Each structure stands twice: as structure tokens, then as C-alpha cells.
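The values are calculated or read from the model by the stated rules, or taken from the named source; none is laboratory data. Note that the coordinates shown come from a computational prediction; the quantities given were computed from them, not determined experimentally. Cβ coordinates were reconstructed from backbone atoms using ideal geometry, including for glycine residues, and neighbour counts include every protein chain displayed. In case anyone asks, the SASA skips ligands and DNA or RNA and just uses the protein heavy atoms, side chains included. Shrake-Rupley method; radii C 1.70, N 1.55, O 1.52, S 1.80 Å.
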Amino acid sequence: MLIAMQRPPPSTALFEPALQPRRLSQILWATSIACAAGLLGTLLTGKLLTSLLLAATMVILALAIWLARRGHVVRAAHLMLVTLTVAISGLVFLSQGIRDEAVFAYPGILIFASMFGTRRLYLGLVAFVFLVLSGVVAANLLGWHVNPVQPLHWGRLANVLVILAVTAFFVWLMASDLRSALTQAQADNQRILESHARIDVLAHQDSLTGLPNRVLARDRLEQAIALARRNHSAAAVLFLDLDNFKTVNDSLGHSTGDQLLCAVAQRLVAAVRDSDTVSRQGGDEFLVILGGITDDEAATTAAVKILDQLSAPFVIAGVEVSTTGSLGIAVFPQDGADADSLLKHADLAMYRAKDAGRNAFRFFDAEMNNSVVEHLQLTTGIRQALRNHEFTLHYQPQFELASGRIVGAEALIRWRHDSLGFIPPAKFIPVAEHSGLIHELGAWVLHEACSQAKQWQTDGLGDLVVAVNVSPVQFRRDDIEREVATALVDTGLSPSCIELELTESLLLADSEHLNGVLKRLRSMGIQFSIDDFGTGYSNLGYLSRFDVERLKIDQSFVRRMLDNPSDEGIVRAIIEMAHCLKLQVVAEGIEDAPTLERLTALGCEFGQGFHWSPALPADEFLQYCRTYAESRP
Ligand code: C2E
Ligand code: MG
Ligand code: MG
């Protein structure tokens, strides 16, 4: 529609080379001079009517010159054509009929009209000339108007030469104009062809590595699928992502990064058959398409070869650079019936290879897809749940083992989904972390826990310390301090009533930034504990660097400690080590009295677990505390 609207209106001209005003003036002047010469001749020979005709023609040609100068080129050209045709016809009629030399002027006029006149003007002039010539001949034959034939003399030759000279001059001008227009058109055409070729390359080739780009790769993949479908064979897509490319780029610069990508491209091409396609998808992602294969075996072989090729270090600008890659593989037909699903599944499998520790390859399997769908559903669900206030906090009491006093509570988030039912935090917290929603969720938990702790103070439970689980992801942004401060200010809770449960993985990161954040929170009066202690890492150096109050022994050791001597050994070791470092110990997952007794004997200070109570809604927790206090002597 748009194209149709933009198309120029259909032309009525036969041919549309642009007639330059200068050219037209030259032709008008040439014709006027020819007329003047003719006028001179007719005046000398005393032909009054012819002289008048030529004089009138010259006046009109002068008018056309004036029009041409003012830029009315088309009007001037049309005026000239009509005037000349009428004048020549008049001369023919007044002089020797169709034997008159003036007839020679018709072809020139018609050529000019065909090039610069409208179709209607041209056809009109042709018809007019036909009529005039036929009329003159008929008038002669019927004796109505007989044109005398003059004997041959030099004057007639002069007339013919003048007409031919003017026609030749005009034809020469036109021909040279056409020639240069043609040369220009050829040059333009060549340029267009060259830019089309360039566009084609840009559209299908990666400018850095020269490999096919994602557009061409997709086309090749579709061809490979079509071929496999026809031949009842298979095709594989291998999605490669370099594992440490960002580090190379950041540490050695973008130019080295670019050279590394080119070198990787070369090794990939060398690792596969000529008939396979290696493409760069952008960044540090490459795609390898294996066509005409019969089974997964070929894809495995290619994947092993590719990882092997990448394992040797690259030497770039004299520097040795090492990189590895993670590969995801999807095979047609079992992993997808079209290019889109194969690409998506290979990408998914690549992430699994990364999760598996990088420098590995993984085949796609349907379970991966299910988990992605579930992941997406959960992300949407968390977002909605935050909006609809579907999250609640439950509180598990924490006890001082020696006295049996309730000293605090751990706030544990709960989510009852409308259709999916109760979703455990272990399932949705990682999704919230992955999607970034943990920031909003974490802020809500902090605020809610502080407000509840304050409420319990009002209810007479005293200064219980509420332990809040904080995800390491919450520390990646700068707002954790602000969120803690806001929650405390909004609720009026004292900072000493809040304990943040950190993970070992967070402390192992040991960054300057984290150090600063923890120090500032500490100076506000916030306490810290290390959650699930013992499950993570053997490097305990961080314990002496960070100022924490408590270690929470992971419940897996606690629950098994009476049945399994090595778990008891671990629990004892943790308690002893903590005491050496002047840290207190909280045992989580205490489910029975013998475990409690053992832990108390080992010197563990605090505990929580089903032995006393699971995590309870806030009002039930209040009730529990009251009943518990009443039951104690
Ligand atoms: P966690 O911080 O180690 O929490 C203790 C978990 O052990 C809780 O599971 C609790 O219900 C459970 N538990 C307590 N006593 C016993 C017991 O005697 N036996 C057994 N078998 N289990 C016991 P829950 O509530 O399912 O929480 C799981 C994890 O989810 C938590 O582990 C914590 O890492 C995370 N989480 C919970 N709430 C939050 C939150 O608000 N924010 C963040 N970032 N993580 C949270
Ligand atoms: Mg915890
Ligand atoms: Mg824990």
C-alpha cells in the first residue's frame, strides 16, 4: 500500500530524459538562425507570404526562448514543436508541396517530439504531418491548389543544407546527452550491484570472524532439517558459549577479545566437516550445525573434538590466553521438529553444561524443558504473589539450651499458591534469586519480620531476636543496608533484635564491597549468624575475617548425629572450633530429646527444631510462647 502510494504518477511522455534549459535554448537559437537564413532568402526572392510565415515563426521561437530562460522548459519545447510543425507545413503548402526541401525538417521535429514531448503531442504531430502531406498531394492531384515545382538551383541546395545542419546539430546534441546519461546509468547500476553484493555479505556474514551469521545459520539449519526429513536421517545443533570470555575481554582488552573470537572461529571450522556450518551468533556464542548424520554419536564426536580443540591455549599478540567452552546439543527429530525449538533446546542444554561446571557438553532432554517451564511459571507466580500479598512469614522458636528459654525466632517464608498449593521456599527462593525478584521479596521479609518482632514486644514477649534469612543475591545490590535501616526505622525496632542469617557462599566471596557492607550493618548493631554451617566449604579463613555472632550447624548433621558417629564428630568439631573463635552455636533440626541432651552436653548454646515446634504463623507463635512460659516452673 505504502509502495503504491509512493509510486510516481504514470508518465504521458514517450521517453523522459531531462531536457536541460540550456540545451533547449541552443536548439531554439539554431532553429531561429535557420529561420532567419530562410527569411533572408525569401525576402531576396520576394516571396512575401513565406517571409511573413518565417517572420511569425521567429517571433514565436523568441517567445519560446524567453519561456525556456524562465524555466518553463516543457512549455517552451512544446511551443517550439507545434510552431515548427505548423511553419514547415505552411512552407510546404506555399512552396513546392511535398517536393519542397522543408519536408526534410519533419523527421528532426518528430525525433525531438518523441524524446521530449508527451505521447499525445507526438501522436498529434505525426497525424498532423500525415494530414498536411496527404492534403497537399490531394489538392495537387485534384487541381485545387497546384504547387509549382521550381527548377534546381543553388538556393534549394542551401535550404536543404540548412535544414540538415540544424537537424544534425540537434541530433548530435541529443546523442551526446544520451551517451553521457547512459554512461552515468551504467556507473549507477554498477554501484547498485556492488552495494547489493555488500549488503548480501553483511546480511549473512559475521563481520568479525567472517563466519555465517545467525540469519544464514538459521537458513542452513532449516535446509539441514528439510534434508534430514527427506532422507529419514538426523541433524544436530551444537550451541557453544565460551566460559571465560568476559574475563578475557575485561582483563586483556576488547582487541584481544576480538582476536580470540577469530581464533576460536578458525578452530571450530577446523574441528568439523566442510559440509557442516559454523556460525557466530553474537558475543561469544557460536553455533555448529551438523547435517546428514544418522545418530547422536556424530554429535558427541563433534562436541568432544570441539572442546578438545579449544583446550589448547591460544597465543594472541604474544600472550597465552586459555579458554574453554560449554556446549548444548539438540538433535532433530527427537529434540525438536523445527529450527526454533532446536535452537531453544540447544541453548537450554548449553546452560546445563555450564551448571555442570563448564568445559562440558550436554544433550537436551525433555526434563530440562519442563524445569524451564516450571521456572517461568514460578517467576510469574512470585511476581503476582508479591502484588497480591500471598506470602506470609512463619516463626520457629529458638531456645537457649542451658536454660530452656525462648530467646528468639527464625522467620521462614511461606507461600500457598492458589492452584499449586504450598510451595516450599527451597523451590521458589532460587527462582526469586535467579529472576532478581529476591530483592523485592527480601525487603518485604525484612519489613514484615521487624514489624512482627515489634508487635511481640507490645504483646509482652520481651526482646526476642528475630533471625531473617538473607540471600547472597541481596548483597549484590547496594540497597541491603538501606532496606535494613528502613525496616528498623519504619517499625521502631531496635537493631539488636535482628539477626541476619548469611550463607557461607556469601562470605567466601570475600570482596571489599561485602566487607564494607557487613561492617556498616554491624556498626548499626545488627547481629549475624552463618546458616547451614558445615555443608559448604572447607575454607574457614573467612570466619576470622568477618565479625559474626553465631554458627548454625546444618540440620542434616544434627538429625543424624545420634545414629552416625561421623556426624556427631562433625557437630562436636564445629562446636569446639566455634568456641575457639568465640562464636556461639545454634543447632537446627533438633527433633528429639536425646539429640537435645547430647547437644547440650557438647556445649551447644542454642537450638531449634521439631522437638519443640515447627515454624508457626505469628499468632500461633505468640500463643505457643505464652503456653510454653506458663508450663515452665
Ligand atoms: P534454613 O534457613 O536452614 O531454615 C531451616 C529449615 O529447616 C526450614 O525449612 C525449617 O522449617 C526446617 N526445620 C526446622 N526445624 C526442623 C526440624 O526439626 N526438622 C526438619 N526436618 N526440618 C526443620 P523451610 O522453611 O522449608 O526453609 C528452607 C530454606 O529456605 C531455609 O533454610 C532458607 O534457606 C530458605 N528460606 C526460608 N525463608 C526464607 C526467606 O525469607 N528468605 C530467604 N532468602 N531464604 C529463606
Ligand atoms: Mg535459616
Ligand atoms: Mg539452615
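Key figures
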| read-out | value |
| --- | --- |
| Inter-label distance, nm, simple model (7 Å from Cα along the C-beta direction), GLU549/ARG476 | 2.9 |
| Restricting the stretch 118-162 to chymotrypsin sites (Phe, Trp or Tyr not before Pro) in coil, as DSSP defines it, with at most 15 other Cβ within 10 Å | TRP144 |
| Degrees, to the nearest 10: 512-524 long Cα axis against longest axis of the chain | 50 |
| Anisotropy class of the chain from Cα gyration tensor, a/c 1.5 cut | prolate |
| DSSP beta bridges in the chain [antiparallel fraction, %, rounded to 5] | 60 |
| Kirkwood hydrodynamic radius (C-alpha pairs) into Stokes-Einstein, the stretch 574-632, 20 °C and 1.002 mPa s, D in µm²/s | 167 |
| Distance from the stretch 41-120 to the stretch 332-399 (C-alpha centre basis), Å | 87 |
| Cα gyration tensor shape of the stretch 521-633, rounded if a/c is under 1.5, else prolate or oblate by comparing a/b with b/c | oblate |
| Unit Cα scatterers, Debye sum, the stretch 21-180: log10 I(q)/I(0) for q = 0.09, 0.11, 0.18 Å⁻¹ | -0.29, -0.43, -1.14 |
| Surrounding net charge for VAL278, when Lys and Arg each add one and Asp and Glu each subtract one, Cβ distance under 13 Å | +2 |
| Accessible-area value, THR535, 1.4 Å probe, nucleic acids and ligands omitted, Å² | 80 |
| Spin-label proximity, GLU440 to the stretch 373-396 - amide N less than 12 Å from point 7 Å beyond Cα toward beta carbon | 379-390 |
| Mean separation of Cα contacts under 8 Å, 6 or more apart, over the residue count of the stretch 214-364: relative contact order % | 30 |
| Solvent-accessible ranking of HIS394, HIS72, largest area first, probe 1.4 Å | HIS72, HIS394 |
| Net charge over other residues, Cβ less than 11 angstrom from the Cβ of ARG560 (K, R count +1; D, E count -1) | -4 |
| Under Karplus coefficients 6.51, -1.76 and 1.60, residue-wise ³J(HN,Hα) of the stretch 586-596 in Hz, glycine/proline x | 10, 9, 9, x, 7, 10, 8, 5, x, 5, 4 |
| Å² per residue, accessible surface of the chain at 1.4 Å | 52 |
| Candidate aspartates and glutamates for bridging to LYS519, where Cα separation is under 12 Å - those fewer than 8 sequence places away on the same chain excluded | GLU481, ASP547 |
| Estimated [θ] at 222 nm from DSSP helical runs (n ≥ 4, -39500 (n - 2.57)) normalised by residues in the chain, nearest 500 | -19500 deg cm²/dmol |
| Trypsin sites (Lys or Arg not before Pro) within the stretch 520-624: DSSP coil, no more than 12 neighbouring Cβ in 10 Å | LYS582 |
| Surrounding net charge for GLN527, when Lys and Arg each add one and Asp and Glu each subtract one, Cβ distance under 12 Å | -2 |
| Apportionment of accessible area to carbon and sulfur, the stretch 64-150, percent (1.4 Å) | 70 |
| Pairwise centroid distance, computed over Cα atoms, of the stretch 122-175 with the stretch 477-532, Å | 108 |
| Gain upon complete extension [ASP177, ILE199; 0.36 nm per residue less C-alpha separation] | 4.7 nm |
| On Cα atoms only, tilt of 21-45 relative to the major axis of the chain in degrees | 0 |
| Whether the stretch 360-416 is rounded, prolate or oblate, judged on the alpha carbon gyration tensor where a/c under 1.5 counts as rounded | oblate |
| Angle in degrees between helix 73-94 and the longest Cα principal axis of the chain, rounded to the nearest 10 | 20 |
| Relative contact order %, the chain, counting alpha carbon pairs below 8 Å whose residues are six or more apart | 8 |
